[in-house]
Amino acid sequence: MPACARGSTISFVDVVELLAAEVAAKAPNLWGALGCAMAYAAALLTALDSFADLLIAHQSSDDGGIGPAHGLKFGGKLTAAGVTVVSAGTVLALDSNWFAFVALSSVFAVVLTIAILLMRRHRLRVIRMRGTAEPARPAADMPGSMA
């Protein structure tokens with residue numbers, strides 16, 4: 001029986017039906033998705049820039065290692081990229097924009113995986129060219145050394 005035929009009372013079922021109709025009619029926020037896509041793109045460029053910084057630091061050092069400043073810069077950029085991706089993904093998930101969430105997260109993961117594989121391949125090539133299994137590190141940089 002419709003709510004108006006029963007009088008002025010509204011039942012729990014009527015409220016649930018109204019809420020379900022409201023949720024079903026809500027379209028994803030396209031401006032929010034565009035903002036999140038820009039955040040994903042910025043995070044991706046930041047992560048790739050940090051990989052480039054790491055490669056440059058390895059090539060410019062005599063022993064093939066990196067200093068604490070380069071490590072901090074690399075870690076800071078990757079952390080910022082991770083926080084940005086998690087935040088943008090959360091916004092997309094809360095907006096129920098699952099297509100944008102899956103598409104952007106997949107592209108981000110695939111591009112970073114390719115970059116990591118290429119960086120690893122380059123690093124192995126540099127190690128083979130130097131003829132050492134590990135880059136030589138001064139005794140003062142070795143863990144547990146007293147020098």
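What follows draws every value from the coordinates through simple rules; no lab data is involved. All of these numbers come straight from a predicted model, not from anything done at the bench. Cβ atoms come from the backbone with ideal geometry, glycine included; neighbour counts cover every protein chain shown.
If I stretch the segment between L124 and V111 completely, what's the gain in nm (0.36 nm per residue apart, minus their alpha carbon distance), one decimal?
Numbers: separation 13, 0.36 × 13 = 4.68 nm, distance 2.00 nm.
This chain segment gains 2.7 nm when fully extended.
Over the range 29-133, one equal point on each Cα, no solvent: what is log10 I(q)/I(0) by the Debye formula at q = 0.16, 0.17 Å⁻¹?
-0.74, -0.79
Using a cut-off of 12 Å between beta-carbons, work out the net charge of the residues near H70 (Lys and Arg +1, Asp and Glu -1, H70 not included).
Within the 12 Å Cβ shell, the charges total +1.
Determine, for V83, V107, V91, the number of other Cβ atoms within 10 Å of each Cβ, and report the residues in order from fewest to most. Intermediate results must be reported in sequence, preceding the final value.
Working: V83 11, V107 14, V91 18.
Neighbour counts put them in this order, fewest first: V83, V107, V91.
Report relative contact order for the range 29-133 in percent, whole number only (criteria: Cα-Cα under 8 Å, sequence separation at least 6).
36 percent
Sorted from fewest to most neighbouring beta carbons within 10 Å, what does the list M119, M129, M38 look like?
Taking fewest neighbouring Cβ atoms as first place, the list is M129, M38, M119.
Where nothing but the Cβ of Lys and Arg (+1) and of Asp and Glu (-1) is charged, how large is the charge dipole of the range 29-133 around its Cα centre, in debye to the nearest 20?
440 debye
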